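The values are calculated or read from the model by the stated rules, or taken from the named source; none is laboratory data. Nothing here was measured: the structure is a model prediction, and the numbers come from that model. Cβ atoms come from the backbone with ideal geometry, glycine included; neighbour counts cover every protein chain shown. These accessible areas exclude ligands, DNA and RNA; they are computed on the full protein's heavy atoms, side chains included. Shrake-Rupley method; radii C 1.70, N 1.55, O 1.52, S 1.80 Å.
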Amino acid sequence: MSDADNTTQTPHFSDYRRAMVDPADGGPKFRQKHFLAIEGMDPIAIQYLLDKADHYADFNRQPLKHSDLGRGLTQINMFFENSTRTLMSFDIAGKRLGLNVSSFTASTSSLKKGETLLDTTTTLDAMRPDVVVLRHSESGAVAQLAEHLNCGIINAGDGTHEHPTQALLDALTIRRTRGHIHGLTVTICGDIKHSRVARSNIHLLNAMGAKVRVIGPESLIPDEIDRMGVEVFYTMEEGLKGSDIVMMLRIQKERIENINSLSLDTYHKHWGLTPERLNLANEGAHVMHPGPMNRGLEIASMVADDPVRSLITLQVEMGVAARMAVIDALTEPTRALAAQSS
Amino acid sequence: MTEQPPLPVPAGNILITNAHIFDPAEGLDMKGADLLIIDGVIRDIALTIDAPLGVETINAKGHLLLPGLIDCDFVDYDPISALYGGITTLVTGKNTATNSDNYDQVMGPRLHCHANHQIERPILASETGLALAGDTANRMGLEGIAVDAETNFLKQFPPKATTLLGPMSSYFGLDHLRHMQDDGLIALTHPAYFSLNELAIVGYDTRAKFFPPLRLDFDRQGVIDALNDGTIKIIASGHVKTTRDDKSLPFAQAKAGMPAQTSMLTMLLELTNTGASDLNSLLPLVTTNPANHFDLPQGRLKAGTPGDVILVDPTKPHRLLANHSRQGHRQEDIVCPLDRRPVQGCVIKTIINGHTVFERT
């Protein structure tokens with residue numbers, strides 16, 4: 001094929017591979033010890049996780065969904081912030097891979113008795129887990145704790161920083177529905193300022209070659225967000241035009257009520273996703289939401305329950321598969337070591 | 001002049017020979033000169049002084065001899081760090097968290113408590129962010145304070161004359177002050193704002209957490225410009241005694257500030273060594289200017305003033321370590337964002353009241 005032919009095609013991200021940086025074919029494709037953030041991740045590693053997750057998505061649709069892959073390994077879910085669905089998703093993912101899973105939330109730990117966060121974590125580290133899933137309400141807390149732990153850490157959300165497994169499951173959902181991520185226009189709507197889901201998704205979608213837009217009221221879109229590689233819109237009417245995927249974010253009611261110029265009614269009126277607004281997007285555009293939803297605030301029930309366009313339940317299903325892929329990838333070195341010694 | 005508590009350092013006699021005596025306020029720039037302190041008071045400065053009987057003589061080997069530094073804005077009283085950094089006078093006031101009654105009577109710097117020493121912080125109470133609003137804060141998911149927070153404060157509450165205002169940290173805030181041209185207004189800054197920029201917090205490095213937060217390098221350059229053109233009249237350390245426990249917390253909960261007294265002079269020498277500024281304009285900011293503001297006799301090299309002087313090697317290469325009590329560079333001792341920074345210049349001797357209280361080994 002001549003160069004002239006090439007110019008008509010949009011280059012795939014793998015066309016940009018650099019010989020000195022990227023692993024040679026056949027080498028290890030995932031070389032991270034932890035899974036803390038999407039920012040800075042190699043697109044090849046993301047691709048590797050998505051391929052693995054794709055496999056687990058099919059695996060999870062079998063009648064018997066159990067693998068002995070992680071037999072003998074221990075997973076601890078440490079949740080220093082309330083969560084039900086993410087905790088459950090990690091719990092199921094670990095158990096389906098055959099790991100021994102234990103979970104605790106801050107309310108049951110000795111943190112309440114005045115122990116420092118670092119002490120609690122080192123105590124749990126002494127119990128020799130192989131994977132630790134951490135969620136914390138402060139940005140950066142998970143990365144800080146990872147420095148003091150000897151096992152693989154998975155970030156299950158830290159403050160308003162990142163929620164990398166959510167981005168991975170969203171990407172998997174898009175890839176399974178649309179066949180590819182590259183070239184799609186994905187629009188993220190809502191409280192971008194306080195959303196870790198938005199940050200992780202912006203990084204991942206950009207790395208995989210999608211076009212990312214954000215929509216929201218001015219007070220919920222931080223300054224200089226465009227430097228993260230997004231196009232900024234302040235009205236749904238402008239931003240939705242030409243979108244292939246519309247990703248709604250959960251709105252915390254207190255945050256809206258704290259802004260003088262906004263009320264819950266005006267928010268729904270201007271930024272709520274209604275069927276009419278969705279029609280502004282490209283034909284066949286899909287709707288996503290990380291949950292839990294506020295029906296009638298950021299999303300209308302008509303949209304959320306649309307069997308064709310809403311991917312919300314598929315996202316929950318893909319959540320287990322994506323988390324299985326991450327646990328699988330992080331325990332790979334340990335499993336290789338175990339296989340060598342036996 | 002304000003009341004002076006009894007100095008824990010006894011009055012001493014000392015003759016320093018072969019020094020580069022430098023004090024722009026007194027017009028002094030003498031190489032190979034001698035300085036004599038008798039009974040804790042500078043007696044004479046000349047090219048050659050004969051040692052009186054029984055007076056200890058030290059050879060400065062051509063190093064810089066400067067007046068002892070004055071620090072008028074710090075959070076924690078930390079006499080050992082002050083002496084290590086060549087600070088011989090500490091001025092306290094309402095804004096400092098410490099209470100002068102509780103100070104240990106250790107061999108430390110002079111301490112002046114001014115009832116009306118108050119520093120106006122150029123930031124609105126509504127600003128509660130952890131980092132400067134912008135790309136770094138966005139990526140790290142930290143709440144940002146507005147880029148024009150300092151300018152907004154100055155516009156909303158124009159400072160009164162003879163107010164100490166600081167720490168100033170932004171280009172536009174300083175530019176605003178420059179155009180106000182109020183001679184009575186005294187702006188101050190901390191070394192952090194001319195030696196670090198916001199990228200120091202990347203990776204959630206809590207050591208570089210400050211309030212007000214570190215800014216862009218553009219602002220850092222603006223602070224250096226303001227030091228050079230006299231918009232900033234005083235440099236104070238903003239010293240906070242931090243421990244590993246204070247800093248090994250999530251970013252939002254970690255203590256703000258750094259132990260800066262040990263490195264204050266070295267960071268000034270970094271500016272002179274890199275050609276960003278010169279000692280002629282920088283030295284008064286830590287000596288004569290605060291001395292004049294608080295009506296103190298020290299801070300200058302002149303016969304009849306207190307014998308507080310420091311010997312400085314302006315080009316000695318070393319790596320900074322704020323936690324000077326530790327010999328090793330263990331990871332857990334690193335509590336200051338400037339630690340391990342390769343720098344040139346350090347204090348080699350601190351003399352208070354004619355008595356050597358610190359000597360670098």
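Among the residues of B:237-248, the average count of other protein chain beta-carbon atoms within 10 Å of the residue beta-carbon is 1.
Between the listed residues B:20, A:116, B:161, the Cα displaced farthest toward the positive end of the dipole of the protein assembly as shown, a dipole computed from Cβ unit charges relative to the Cα centre, is found at A:116. Placing a pseudo-label 7 Å from each Cα along the Cα-to-Cβ vector at residue A:177 and residue B:182 gives an inter-label distance of 5.8 nm. In a simple Cβ point-charge model (Lys, Arg +1; Asp, Glu -1; nothing else charged), chain B has a dipole of about 620 debye relative to its Cα centre. Measuring between their Cα centroids, the stretch B:232-289 and the stretch B:1-79 lie 23 Å from each other. Only one residue of A:168, B:304, A:55 has its Cα farthest out toward the positive end of the dipole of the protein assembly as shown, where Lys and Arg carry +1 and Asp and Glu -1 on Cβ, and that residue is A:55.
Taking all protein chains as they are arranged and a probe of 1.4 Å, the heavy atoms of residue A:313 leave approximately 120 Å² accessible to solvent.
Round to a whole angstrom and tell me the spacing of the C-alpha centers of the stretch B:171-191 and the stretch A:256-282. Result: 44 Å between the Cα centres.
Placing dummy labels 7 Å off each Cα toward the beta-carbon, the span from residue A:293 to residue B:39 is 8.9 nm.
Could you tell me the total accessible area buried at the A-B interface, probe 1.4 Å, in square angstrom to the nearest hundred? That pair of chains buries around 1500 Å² in total.
Fully extending the segment from residue B:47 to residue B:318 would add 94.5 nm, taking 0.36 nm per residue of separation and subtracting the current Cα-Cα distance.
Within the accessible area of the stretch A:258-342, the carbon and sulfur atoms contribute 56%, probe 1.4 Å, all protein chains present. Ordering of B:223-229, A:291-297, A:88-94 by packing is A:88-94, B:223-229, A:291-297, highest average first (other Cβ atoms within 10 Å, averaged per residue).
Among A:254-260, A:166-172, sorting by the average number of other beta carbon atoms lying within 10 angstrom of each residue, highest first, gives A:166-172, A:254-260. Residues of the stretch A:135-153 buried by at least 50 Å² of accessible area upon assembly of all protein chains, compared with the chain on its own (1.4 Å probe): A:138, A:139, A:144. For chain A, just say rounded, prolate or oblate: build the C-alpha gyration tensor, square-root its eigenvalues into a ≥ b ≥ c, call rounded for a/c under 1.5, and beyond that prolate if a/b exceeds b/c, oblate if not. Since a/c reaches 1.5 but b/c is at least a/b, the shape of chain A is classed as oblate.
For chain A, averaging the sequence separation of C-alpha pairs within contact (under 8 Å, six or more residues apart) and dividing by the residue count gives a relative contact order of 19 percent. The protein assembly as shown gives an Rg/Rh value of 1.07, both radii derived from C-alpha positions and Rh following Kirkwood. Taking the chain by itself as reference, the stretch A:213-248 contains these residues with an accessible-area loss of 40 Å² or more in the full protein complex (1.4 Å probe, heavy atoms): A:223, A:224, A:227, A:228. Only the Cβ atoms of Lys and Arg (+1) and of Asp and Glu (-1) were treated as charged; on that basis the dipole of the stretch B:123-189 about its Cα centre amounts to roughly 60 debye. Heavy-atom accessible surface of the stretch A:73-182, averaged per residue, reaches 36 Å², computed with a 1.4 Å probe. A Förster radius of 22 Å combined with the Cβ-Cβ distance from residue A:259 to residue A:82 puts the calculated FRET efficiency at roughly 0.35.
Per-residue ellipticity at 222 nm from helix content only, as computed over the protein assembly as shown with -39500 (n - 2.57) for each DSSP H run of at least four residues, stands at -8500 deg cm²/dmol. Mean partner shielding of peptide B:36-47, defined as the number of other chain Cβ atoms within 10 Å of each residue Cβ, is 0.
Computed packing ranks the peptides B:44-54, A:302-312 as A:302-312, B:44-54, most packed first, by mean other Cβ atoms within 10 Å. Helices assigned as whole DSSP H runs in chain A whose Cα atoms extend at least 18 Å along their own long axis and whose mean Kyte-Doolittle hydropathy is 1.0 or higher are not found. Rounded to the nearest 20, the Cβ-based charge dipole of the protein assembly as shown about its Cα centre (Lys and Arg +1, Asp and Glu -1) stands at 1740 debye.
Other protein chain C-beta atoms within 10 Å of residue C-beta, averaged over B:127-140: 4. Shape verdict for chain B, please, from the Cα gyration tensor: rounded (a/c under 1.5), prolate (a/b greater than b/c) or oblate. Taking the square roots of the gyration eigenvalues as a ≥ b ≥ c, chain B is prolate. Only lysine pairs 8 or more places apart, or on different chains, with alpha-carbon atoms under 19 angstrom apart are counted in chain A, and they number 9. The residues of chain B present an accessible area of 40 Å² per residue when probed at 1.4 Å with all protein chains retained.
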